[in-house]
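Notes follow once the structure below has been shown.
The values are calculated or read from the model by the stated rules, or taken from the named source; none is laboratory data. Keep in mind the model is a prediction, meaning the values are calculated, not measured. Here Cβ is always computed from backbone atoms with ideal geometry, including for glycine, and neighbour counts include all displayed protein chains. Calculation scope for accessible area: heavy atoms of the full protein, side chains included, ligands and nucleic acids excluded. Shrake-Rupley method; radii C 1.70, N 1.55, O 1.52, S 1.80 Å.
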Amino acid sequence: MNKKQFFVMDDEAINELVNRITTQLNLSLSRDKSLQEDEFMTIEELSTFISMTKGSIYGLVHKNTIPYHKKGKLYFLKSEIMDWIKGGKQETNASLHDRANDYLLKNPFQ
């Protein structure tokens, strides 16, 4: 027989449960919001974030190598910096070798 079990809770237990659920939802929503919001960093904050000296960052800005915004002073958008870092990924010799083999298999010599 399939019996359904019900839990009986008093008002205090229900209120505690509601408070815990509300707290967890608020935490989750605030984390999601902070991930969606993009933040600007100063050169000092960027220097700490990417472990680079301010002089090196100024050099990258001068060469237009790093994404930046200038409104009186320099600002760096965190998402753009993350994309810039990800874009600098170097392929390994093994992955280059695999890509070359794939190309040769798809385009045989005639």
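Remark: pairs (first residue in the range 89-110, open to solvent by 80 Å² or more (accessible area, probe 1.4 Å); second residue of a type in the set (Lys, Arg) and assigned to a helix (DSSP H, G or I); Cβ separation under 9 Å; 6+ apart in sequence or on different chains) = 91/99. With the condition kept exactly as written, say whether any residue in the range 45-54 is exposed (fewer than 10 other Cβ atoms within 10 Å of the Cβ) and at positive phi. Yes, there is a match, as at least one residue in the range 45-54 is exposed (fewer than 10 other Cβ atoms within 10 Å of the Cβ) and at positive phi.
Taking residues in the range 40-56 that are touching a residue at least 40 places away in the same chain (Cβ under 8 Å), and partners anywhere that are surrounded by fewer than 16 Cβ atoms within 10 Å (Cβ to Cβ) and of a type outside the set (Phe, Trp, Tyr), the pairs with Cβ atoms closer than 7 Å and at least 6 places apart or on different chains are 41/78. Just the residues that are among the polar types (S, T, N, Q), part of a loop (DSSP other than H, G, I, E, B) and farther than 20 Å from residue 41 by Cα, please, taken from the range 65-110. Result: 90, 92, 107, 110. For the range 67-81, the set of residues classified as under 14 Å from residue 38 (Cα atoms) and out of contact with any strand residue (DSSP E or B) (no Cβ under 8 Å at 6 or more places or on another chain) consists of 79, 80, listed by residue number.
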